[in-house]
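Read through the structure below, which is laid out as structure tokens, and then see the notes.
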Amino acid sequence: MDWIKEVEENVDWLSSIGADPAGGMTRLLYDENWLKAQHGLKDKFSELGMEASFDAVGNLFGRIEGSQFPNETILSGSHVDTVVNGGKYDGQYGIIAAYLAMKSLVEEHGQPLRSIEVVSLAEEEGSRFPYAFWGSKNLVKEARKEDVLDIADTDGVKFVDAMRQCGFDFDDEENMREDIKAFVEIHIEQGSVLETEGKSIGVVTSIVGQKRYNVTLKGQANHAGTTPMGYRKDAVYGFSKICSAAIDKAKAEGDPLVLTFGKVEPKPNTVNVVPGEVLFTVDCRHTDQAKLDQFTEQLEADMKAIAAEIGLEIDIDLWMSEPPVPMDKNIIALLEEAAKKSKANYRIIHSGAGHDSQIIAPRVPTGMIFVPSIQGISHNPAEATELNDLAEGVKMLAAALYELAYIA
């Protein structure tokens, strides 16, 4: 198989569905482009001789039955949806890679001992509706109907109406499939570690845990010219002290901890008024739950202390607390051994972003493979990966699926 040619042609084909004239592409859950992409993939899977089918909510599967252990399934794939005006590799590369890996295995080795399936998961990004991981949460029966019954997109289209217009409905099955014995997802890194270190493959050990906060500091808005510095209750000053102290501590802690103050809204946000209020966000991530808890507990205490020192009120709302998700040790070892056998230029790495694998891993033995992202850019039309690296990723995935599905 000409790996580079196959990857390029298939990625370009799928990227054309939902292509944005301004660059990149937009393919949102249950929109016209989403439906066209899923049915196009279904046709492609069928042409390869796969048994192609949708589940109730629109996850697409392409299956090749195992000769000896048909009730043991090795699953690989990723999500078909994109962010608005996103890049051409996030999510869909994992679908194309799984499809091509299985195609090459069947051409070279024939029918597998265990069944193999490629999955095009319906949704991961949360780009259209205020709900994420709809595809993988339905796969593992974690999705709840009541969470989406009353939600709508920015145009007022209800989730339920959009789903039913595409021919899908809620999944009433209570029990998840028992035949899935392993899941392997390949994805672009969405960071710059692999490219910086000159590596073509990353073997992922875990997906970081995350804590996210909305924080409000309240002081007193007052005249910028007539309020002496010593009389001020300046909320921006309080924020600046909190931000500076916290980032210094995060740098001292070092990798893999990351800390981000991503959104800041001072009020009244005008040139001649001492700001009386600041709303800001905090995003903290780590692969170790105990260290994440320890750092954020100290962070909360520091924020309160700094606010008290300046005479500010503070409200800290921890609205997200997701634990780190380790990948399966046996699959990590299998991936690393496959990398060594093929003399791949690889390194062990963790994922700083969320993926469908974090939903599936607590229920099914799961592994992840990364390929480099040029300059770490993702969720952007400039998202890019060298074709050689994309091809290396498919070969690596094929090697892993061979070990899982073809070896007794």
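The values are calculated or read from the model by the stated rules, or taken from the named source; none is laboratory data. Note that the structure is predicted; figures quoted are calculated from it, not measured. When we count neighbours, we look across all protein chains shown, and the Cβ atoms used for this are built from the backbone with ideal geometry, even at glycine. Side chains included, ligands, DNA and RNA excluded: accessible areas come from the protein's heavy atoms. Shrake-Rupley method; radii C 1.70, N 1.55, O 1.52, S 1.80 Å.
For every residue, the table says whether it meets (1) touching a His at 6+ places or on another chain (Cβ under 6 Å); (2) closer than 30 Å to Asp328 by Cα.
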| position | (1), (2) |
| --- | --- |
| Gly202 | no, yes |
| Thr205 | yes, yes |
| Val215 | no, no |
| Tyr231 | no, no |
| Tyr237 | no, no |
| Lys241 | no, no |
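Restricting the first member to the range 167-187 and to residues that are touching a residue at least 60 places away in the same chain (Cβ under 8 Å) and closer than 18 Å to Pro70 by Cα, and the second to residues that are open to solvent by 30 Å² or more (accessible area, probe 1.4 Å) and of a type in the set (D, E, K, R), the beta-carbon pairs closer than 6 Å and six or more apart or on different chains are Met176/Lys141; Lys181/Glu72. Listed by first and then second residue, the pairs linking a residue in the range 10-24 that is in contact (Cβ under 8 Å) with a residue 60 or more places away in the chain to a residue that is aliphatic (A, V, I, L, M) and surrounded by 14 or more Cβ atoms within 10 Å (Cβ to Cβ), with Cβ atoms under 6 Å apart and 6 or more places separating them unless they lie on different chains, are Asn10/Ile96; Val11/Ile96; Ser15/Met25; Gly18/Met25. Which count do you get for residues in the range 384-408 that are surrounded by fewer than 21 Cβ atoms within 10 Å (Cβ to Cβ), assigned to a loop (DSSP other than H, G, I, E, B) and of a type outside the set (A, V, I, L, M)? Qualifying residue count, the range 384-408: 2. Residues that are closer than 23 Å to Ala101 by Cα and either hydrophobic (A, V, I, L, M, F, W, C) or assigned to a loop (DSSP other than H, G, I, E, B) (or both) do not occur anywhere in the range 300-312. Any residue that is of a type outside the set (Ser, Thr, Tyr), closer than 14 Å to Ser200 by Cβ and either more than 16 Å from the chain's Cα centre (by Cα) or crowded, with 24+ Cβ neighbours inside 10 Å (or both) - is there at least one of those in the range 353-369? Looking through the range 353-369, at least one residue is of a type outside the set (Ser, Thr, Tyr), closer than 14 Å to Ser200 by Cβ and either more than 16 Å from the chain's Cα centre (by Cα) or crowded, with 24+ Cβ neighbours inside 10 Å (or both).
So which residues in the range 96-153 are under 23 Å from Met1 (Cα atoms), more than 18 Å from the chain's Cα centre (by Cα) and assigned to a helix (DSSP H, G or I)? Once the filter is applied, which keeps residues that are under 23 Å from Met1 (Cα atoms), more than 18 Å from the chain's Cα centre (by Cα) and assigned to a helix (DSSP H, G or I), the range 96-153 yields Tyr99, Leu100, Ala101, Met102, Lys103, Ser104, Leu105, Val106, Glu107, Glu108, His109.
Restricting the range 242-259 to residues that are open to solvent by 60 Å² or more (accessible area, probe 1.4 Å) and touching a residue at least 24 places away in the same chain (Cβ under 8 Å) leaves a set whose member that is farthest from the chain's Cα centre (by Cα) is Lys249.
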